[in-house]
Amino acid sequence: MDQRLSERIAENIEEMIFDGDFEDGERLSEVQLAEKLNVSRTPLREAFQRLSQTGLVELVPRRGAFVREPGPIELSEMFEVMSVLEATCCELAAQRISDEALGELEEANQRCQEAIDAGQADAYYLANERFHQIIYRQSGNGFLEKEALRLQKRLRPFRRIQLRLRGRLQQSMAEHRVILDALGAADSQTAAQAVKDHVAIQGDTFHALLLALREKKSKRA
């Protein structure tokens with residue numbers, strides 16, 4: 001329960017950062033945030049730890065937590081590496097994936113569709129995250145899987161928030177279908193290219209959303 005609470009708090013703070021409630025480099029007040037979110041400071045500090053793993057928050061000893069918004073070049077580089085890692089996972093998985101794992105992917109994809117039908121973007125992201133993690137595992141390469149999981153965690157807030165854009169959930173589902181069909185057909189080249197395009201689109205979509213949010217912030221100011 002505490003882990004889920006700290007995760008929810010981290011997601012709330014992520015959204016506040018992307019909505020422009022904090023400036024880059026601004027110190028996050030534990031007292032004010034605990035009061036605003038109606039939580040105690042222990043799960044709030046755990047949320048700060050989570051956010052520090054994504055790079056959105058920097059923890060400075062004896063000074064506190066500070067907002068750190070990655071620049072467009074840094075984000076572009078991370079999404080570029082993620083697309084290559086996932087493409088390699090998919091290429092290997094197409095050769096090695098089991099029938100059982102293909103069934104797990106179909107189930108995860110069904111969960112994604114149910115989340116769309118319910119209008120729940122965050123539930124979609126969780127099912128989507130599992131979809132990708134199954135592919136990492138089915139690559140059959142433990143080192144590659146660990147690296148993909150590490151960068152997936154780093155990019156989590158950016159991949160999650162881009163699902164806000166209108167039509168993105170349905171588009172993501174269509175991309176999943178291409179990936180699944182290629183894996184089922186053991187078509188390594190198509191599977192790798194499909195997932196590479198899928199991740200690249202996420203990066204482009206995030207940038208579009210970020211620009212829209214910043215424009216909204218400037219109008220508020």
Q: May I ask for the percentage of alpha-carbon pairs in region 1-110 that lie more than 25 Å from each other?
A: 42 percent
(Q) With the crude spin-label approximation of a point 7 Å out along Cα→Cβ, what separation in nm comes out for Arg130 versus Arg166? (A) 3.1 nm
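Would you work out the charge dipole size for the chain about its Cα centre, treating the Cβ of every Lys and Arg as +1 and the Cβ of every Asp and Glu as -1, and quote it to the nearest 20 debye?
On the way: 31 positive and 37 negative charges, 166 e Å.
Dipole size: approximately 800 debye.
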**Q.** Surrounding net charge for Gln133, when Lys and Arg each add one and Asp and Glu each subtract one, Cβ distance under 14 Å
**A.** +2
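Would you compute, from DSSP H runs of 4+ residues alone, the mean residue ellipticity of the chain at 222 nm, taking -39500 (n - 2.57) per run and dividing by the full residue count, rounded to the nearest 500?
Details: 9 runs with 171 residues, N = 221.
Mean residue ellipticity at 222 nm (helix-derived): -26500 deg cm²/dmol.
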Q: Based on the mean of other Cβ atoms within 10 Å per residue, sort peptides 34-40, 148-154, 84-90 so the most packed one is first.
A: 84-90, 148-154, 34-40
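Give me Rg over Rh for the chain, both radii from the alpha carbons and Rh done the Kirkwood way, two decimal places.
On the way: Rg = 18.2 Å, Rh = 18.3 Å.
Looking at the chain, the ratio lands at 0.99.
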**Q.** Val84 paired with Lys146, simple spin-label distance in nm, labels 7 Å along Cα-to-beta-carbon
**A.** 2.0 nm
Q | Normalised contact order of region 61-132, rounded percent, pairs of Cα under 8 Å and 6 or more residues apart | A | 21 percent
Q) Leaving out ligands, DNA and RNA but keeping every protein chain, what accessible area does Ser29 have, in Å² rounded to the nearest 10, with a 1.4 Å probe? A) 30 Å²
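Using a 1.4 angstrom probe on the protein heavy atoms only, line up Arg166, Arg68 by accessible area, largest first. Show your work: numbers first, answer last.
Values: Arg166 235, Arg68 85 Å².
Result, largest first: Arg166, Arg68.
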Q | Within straight-line cross-link reach of Lys36, aspartates and glutamates at Cα separation under 19 Å, skipping those fewer than 8 residues along the same chain | A | Asp2, Glu7, Glu11, Glu14, Glu15, Asp19, Asp21, Glu23, Glu26, Glu46
Q: Would you kindly state how much longer the chain becomes between Asp204 and Asp117 on full extension, computed as 0.36 nm times their sequence separation minus their alpha carbon distance, in nm to one decimal?
A: 28.9 nm
Q: Answer with one residue from Thr54, Gly119, Gln170: the one whose Cα lies farthest towards the positive end of the charge dipole of the chain, charges on Cβ with Lys, Arg +1 and Asp, Glu -1.
A: Thr54
Q) Tell me, how many Å apart are the Cα centres for region 1-60 and for region 98-114? A) 32 Å
Q: Would you mind checking region 122-148 for residues with the amide N under 19 Å from a putative spin-label position 7 Å along Cα→C-beta of Arg4?
A: 122-130
Q: Using a 1.4 angstrom probe on the protein heavy atoms only, line up Asp19, Asp117, Asp24 by accessible area, largest first.
A: Asp117, Asp24, Asp19
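Quick check: with the 1.4 Å probe, what order do Arg168, Arg27, Arg62 take by accessible area, largest first? Let's see the in-between values first.
Working: Arg168 5, Arg27 125, Arg62 235 Å².
My answer, sorted largest first, is Arg62, Arg27, Arg168.
The values are calculated or read from the model by the stated rules, or taken from the named source; none is laboratory data. In this text, all values refer to a predicted model and were calculated from it rather than measured experimentally. Backbone-built Cβ (ideal geometry, glycine too); neighbour counts: all protein chains shown. Note: areas computed on protein heavy atoms with side chains; ligands, DNA, RNA excluded. Shrake-Rupley method; radii C 1.70, N 1.55, O 1.52, S 1.80 Å.
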